[in-house]
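Encoded as structure tokens, the structure appears first; notes follow it.
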Amino acid sequence: MLEETLEDPANPWLLYRYAWVCNRMEKPEDALEPALAAWRIEPASQWYLAEYLRALRSLEMFEEMMEYGNYVRGGGVCRYYLAAAERELGINPSSSLEYLLDTSSCGNDSAAADACIWLAILLQNEVSADSVLALVETAADLQPDEDFYRCVFAEKLAENGEIERSREQIHLIRLEGSTGYSYWQSYATLAEAEEDTGRRIWALRRARTDRICPESSRNLGWALYISGRDALRDGDVLFSRERLLEASCLGDTSEIYIQKSDSLLELIDEFENSTSDSY
């Protein structure tokens, strides 16, 4: 992808895709230049601007984000990033948050749905779980064909203990064949709520297959580590080793779940060595 971008540096789509990948690989510093270049070529594209704002946010460059406020239109993802920056900077009242609140009750289904989903994410640690669920459900009702909204709705239902309703949403999404990254993440959340560790890990493996990135590896890695740790506590050393070895191979040594997995694997090795020495 980098080679294609270098060969055609005036192609905004290639620049955007490269920036998109860099952001998902948690390399925002590499996403800055191509995202900005793509947007400058096509300044009408809010998606190109969004990747640039996402990179700035990851680097905690909130003041720089505010410089692009005049170029943000509507209540989409760019508005969400601006609202997040305003909150980080302590700007109160937040004009972007107020924009989303106003838009969430407007007559335009797509705009209102967008605003509801971003409000749910922005306010998830500040309002009740029922309020967050209501916002997500509204987004899903307004735009039933948007898989992302439905997946978030299923996930929030599971987190809120509404298992049957979550299952219904997961089933409907599956029937439509929309089994991408967001689907498998929501499926894993449902399995966790059902206390089905095996299905949760299976779903997280599918999510990682769909999108191999630090986030998907981290989600799977922690699930594997916890499963391996619990198996070790129950005395199932072979199963524990299997889970911990899989977790240990998912990322680099800076990841906490890998450090913890390696630590338990060392304990297992020490135990087995000491047991064999005693015979």
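The values are calculated or read from the model by the stated rules, or taken from the named source; none is laboratory data. The structure displayed is predicted, hence computed values, not measured ones. Using ideal geometry, Cβ is built from the backbone for each residue, glycine included, and neighbour counts are taken over all protein chains shown. Side chains included, ligands, DNA and RNA excluded: accessible areas come from the protein's heavy atoms. Shrake-Rupley method; radii C 1.70, N 1.55, O 1.52, S 1.80 Å.
Put simply, of E215, E270, E266 the only residue that is part of a helix (DSSP H, G or I), under 29 Å from R167 (Cα atoms) and open to solvent by 70 Å² or more (accessible area, probe 1.4 Å) is E215.
Scanning region 174-195 for residues that are charged (D, E, K, R), in a helix (DSSP H, G or I) and either crowded, with 20+ Cβ neighbours inside 10 Å or touching a residue at least 40 places away in the same chain (Cβ under 8 Å) (or both) turns up nothing.
Entry remark, region 223-258: residues being more than 17 Å from I268 (Cα to Cα) and touching a Leu at 6+ places or on another chain (Cβ under 9 Å) number 2 in total.
Tell me, yes or no, whether region 225-241 has at least one residue that is within 17 Å of the chain's Cα centre (by Cα) and free of Cβ contacts under 8 Å to residues at least 60 places away in the same chain. Quick ask: steps written out before the conclusion?
Residues of region 225-241 within 17 Å of the chain's Cα centre (by Cα): none.
For region 225-241, residues within 17 Å of the chain's Cα centre (by Cα) and free of Cβ contacts under 8 Å to residues at least 60 places away in the same chain: absent.
Residue by residue, here is whether (1) open to solvent by 20 Å² or more (accessible area, probe 1.4 Å); (2) of a type outside the set (F, W, Y); (3) at pLDDT below 95; (4) not in a helix (DSSP H, G or I) holds:
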| site | (1), (2), (3), (4) |
| --- | --- |
| E4 | yes, yes, yes, no |
| V21 | yes, yes, no, no |
| P34 | no, yes, no, no |
| P43 | yes, yes, no, yes |
| E51 | no, yes, no, no |
| R57 | yes, yes, no, no |
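Return a yes/no flag: does region 80-99 have any residue that is under 17 Å from the mean Cα position of the chain (by Cα), buried (at least 16 other Cβ atoms within 10 Å of the Cβ), closer than 17 Å to W118 by Cβ and not hydrophobic (A, V, I, L, M, F, W, C). Yes, region 80-99 contains a residue that is under 17 Å from the mean Cα position of the chain (by Cα), buried (at least 16 other Cβ atoms within 10 Å of the Cβ), closer than 17 Å to W118 by Cβ and not hydrophobic (A, V, I, L, M, F, W, C). When G75 is tested against the conditions (1) part of a helix (DSSP H, G or I); (2) crowded, with 16+ Cβ neighbours inside 10 Å; (3) of a type outside the set (F, W, Y), the lone failure is (1).
Scanning region 236-263 for residues that are surrounded by fewer than 15 Cβ atoms within 10 Å (Cβ to Cβ) and part of a loop (DSSP other than H, G, I, E, B) yields D236, C249, D252, T253, S254.
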